[in-house]
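Remarks on the structure that follows.
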Amino acid sequence: MDRGYSDDPPGNARETSRQLSREQLFVLISAASINLGSMMCYSILGPFFPKEAEKKGVSNTVTGMIFGCYALFDLLASLVFGKYLVQIGAKFMFVAGMFVSGGVTILFGVLDQVPDGPIFIAMCFLVRVADAVSFAAAITASFSILVKAFPNNVATVLGSLEIFSGLGLVLGPPLGGFLYQSFGYEMPFILLGCIVLLMVPLNMYILPNYDSDPGKHSFWKLITLPKVALIAFVINSLSSCFGFLDPTLSLFVLEKFNLPAGYVGLVFLGLALSYSISSPLFGLLSDKIPHLRKWFLVWGNIITAVCYMLLGPIPVLHIKSQLWLLVLILVLNGVSAGMSIIPTIPEILSCAYENGFEEGLSTVGLVSGLSSAMWSVGAFIGPTLGGFLYEKIGFEWAAAVQGLWALTSGLTMGLFYLWEHSRRRRSKLQNILGTEEERTSLLPNEI
């Protein structure tokens, strides 16, 4: 049923072929299924869970912690699974993660039968943590398998698959809200959980096995590379910017523009759609013209910072807040996010290989685990800090503070690239001068 693939270097003829092989097509289908399924499972809670939790006697603070614990355990699990990917096996990790994710999604659907108070809260935390760990396993394995199957087109493939992530985020809340209104609390979770579980046997059959030897390098060696540390900071800032909008934007829109609750989701649509549509383009450009990646990383962050300054907009600009302007800024933010996020994994991989990391599944596992973990850090800080700042200084200033994080990461990355370019030029010049001196010293002997 499955074929085993050895840990080949990433440049063989089969992989550089323009036509997708059967295995590559199957890998794409598997990755698309987990991106779509996991994002729908993640976003389905938003429209109605806080209301149900309130009925069970859960405070808003505890509800926020139930949402927030997901990112925290996703962070821890990503680091562990990235480190032990080769020992566990990428295919097993992917399929097992998907199976557990489907199961706990169904379990979330029966929590309304649990007694009110501490028991309900404890069960919510347990199920949410299990979902985070299973998601981390599936996504870490998915990234690693994708990089192994498409070593020369990593950014293109990751960018194209963001369409399914965006689709999951867009479809999750309205689908969940519709099923909740029509059939009650259980139906959204049971239906979605069953769909995810049905994908398990399909992926067991079509997903290829990739064999590899455990690597000698660690997360610590990877994260202490200056370039990798700075890119990790970029991932943090972008994830935090996305997370900031979750607890704040809907409240701001309801208060400022008096929109009906049903229309608030449409405001988020601009961000999700523009990100999903632009990501494949930036992925393609990142692979075809690799030196553009650094410019995407720097300018993507700077444009994101400007977007957050204009979301309110910040009071010092004296620009009147209008709904069309807010939607336009969110659309631009989706494009700038795609510009910044897509080049991060190819840049970390190339930096790791330049610094002596072996070109195999073990390094890919470290990189995908690190990327997922750094994203989770931002996903935890963004909503937590955003909610706090929203209460203290209002949405306009809170968004501007969030924008400063993206501006700092973009400028720091830009300064690093300038320093790196200067160092390489100096090194090249020294090599040329050294060669000239060698040639001059040899001339008398030749005569």
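Here are the numbers:
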{"quantity": "Potential extension, residue 321-residue 255 segment - 0.36 nm per residue separation minus Cα distance", "calculated": "22.6 nm"}
{"quantity": "18 Å Cα-Cα reach of residue 83 towards lysines, excluding residues that sit fewer than 8 places from it in its own chain", "calculated": "91, 148, 216, 221"}
{"quantity": "Three principal axis lengths of segment 262-355 [C-alpha, angstrom, descending]", "calculated": "49, 31, 18"}
{"quantity": "Global geometry of segment 333-427, whether rounded, prolate or oblate, following the gyration tensor of its Cα atoms and the 1.5 cut on a/c", "calculated": "oblate"}
{"quantity": "At least 18 Å along the helix axis (C-alpha) and Kyte average at least 1.6, DSSP helices within the chain", "calculated": "90-109, 118-149, 186-206, 323-341"}
{"quantity": "Point-to-point label distance, residue 354-residue 209, nm (Cα→Cβ direction, 7 Å offset)", "calculated": "3.7 nm"}
{"quantity": "Spatial extent of the chain: Rg and Dmax, with the Cα atoms as the point set, Å", "calculated": "23.5, 97"}
{"quantity": "CD proxy at 222 nm, helix term only [per DSSP H run n ≥ 4: -39500 (n - 2.57); per residue of the chain; nearest 500]", "calculated": "-28500 deg cm²/dmol"}
{"quantity": "Probe 1.4 Å, accessible area per residue of segment 332-433, Å²", "calculated": "43 Å²"}
{"quantity": "Gain in span if fully extended, residue 433 to residue 21, counting 0.36 nm per residue against the direct Cα distance", "calculated": "143.6 nm"}
{"quantity": "Candidate lysines - alpha carbon under 26 Å from residue 428, same-chain residues fewer than 8 apart omitted", "calculated": "227, 288, 294"}
{"quantity": "Among 414-423, 140-149, 329-338, the order from most to least packed when residues are scored by Cβ within 10 Å on average", "calculated": "140-149, 329-338, 414-423"}
{"quantity": "Whether segment 42-122 is rounded, prolate or oblate, judged on the alpha carbon gyration tensor where a/c under 1.5 counts as rounded", "calculated": "prolate"}
{"quantity": "Overall form of segment 165-242 per C-alpha gyration tensor (a/c, 1.5; a/b vs b/c)", "calculated": "oblate"}
{"quantity": "Full-stretch length increase - residue 328, residue 404 - with 0.36 nm per residue and alpha-carbon distance subtracted", "calculated": "25.4 nm"}
{"quantity": "Selected from 301, 322, 44, residue furthest toward positive end of dipole (the chain; charges at beta carbon)", "calculated": "322"}
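The values are calculated or read from the model by the stated rules, or taken from the named source; none is laboratory data. Bear in mind that the values here come from a model prediction, so they are computed numbers and not experimental data. FYI the Cβ positions are ideal-geometry reconstructions off the backbone, even for glycines, and counts take in every protein chain you see. The area values use the complete protein model at the heavy-atom level, side chains included, leaving out ligands, DNA and RNA. Shrake-Rupley method; radii C 1.70, N 1.55, O 1.52, S 1.80 Å.
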